[in-house]
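Contents: one structure, followed by commentary.
The numbers here are math on the coordinates, done by the rules we state, and not lab data. Here the structure is a predicted model, which is why all the values come from computation and not from measurement.
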Amino acid sequence: MNTIMRKSVLSVAGLAFAGGVFAGPIAAHANPVDAKPVAVAVQTAAPKPQGDQSHISLNDEQTANVKAIIAATKKAGLPERAAVISIATSLQESKLENLGHLGDANDHDSLGLFQQRPSSGWGTPEQITNPEYSTTAFLKGLRQVDGWQDMPLTDAAQTVQVSAYPDAYAQWEQQATDLVNQHWNS
């Protein structure tokens with residue numbers, strides 16, 4: 001959360017507290033007249049990245065894949081946080097490279113940006129190696145995770161991916177956040 005937003009949120013919270021301190025005793029003795037609860041929306045900041053962070057330099061293909069993930073996220077009507085989780089997941093799974101079958105070096109039949117498996121129902125090899133399709137498939141899984149918006153990135157990604165290394169996604173959160181900040185509006 002940027003400094004201006006943080007100060008604004010803290011100012012509103014401070015005013016609400018002060019108002020409660022001063023008005024509370026008065027309101028406690030007032031006669032309630034059709035009092036209705038008021039909902040207050042407070043924007044929560046994304047959780048801070050967990051643990052040591054990794055970073056790689058991206059080539060043109062990887063940058064194009066970042067842009068494809070962001071475009072698919074926007075098309076799905078999801079917020080920037082979904083793109084951050086998607087990009088961090090792809091950084092962990094494929095370093096943002098759209099991987100085909102890697103022979104003996106391959107993990108089972110995992111393919112594409114997210115190392116999704118046709119045998120696990122993610123789609124056909126052709127679909128999984130299409131960045132828009134694979135991102136949309138990942139986002140469909142993410143939407144099914146209750147509270148994904150507020151949970152640590154690695155927990156949200158792991159719930160969708162079911163990786164043998166559940167904590168590995170966390171190391172990419174800062175770079176994924178930076179990439180989304182750089183490309184979301186471009």
If I stretch the segment between Lys95 and Val162 completely, what's the gain in nm (0.36 nm per residue apart, minus their alpha carbon distance), one decimal? 22.3 nm
Can you list residues from other chains, or at least 5 along the same chain, whose modelled amide H is less than 5 Å from the amide H of Gln116? Leu111
Compute the distance from the alpha-carbon center of segment 154-186 to that of segment 71-98, in whole Å. 7 Å
Give me a comma-separated list of calculated 3J(HN,Hα) values for segment 83-99, in order, Karplus coefficients 6.51, -1.76, 1.60 applied at θ = phi - 60°, integers in Hz, x for any Gly or Pro. 5, 4, 5, 5, 5, 4, 5, 5, 4, 5, 6, 9, 6, 6, 9, 7, 7
Gain in length, Arg143 to Ser186, computed as 0.36 nm per residue apart minus the alpha-carbon separation, to one decimal in nm? 13.0 nm
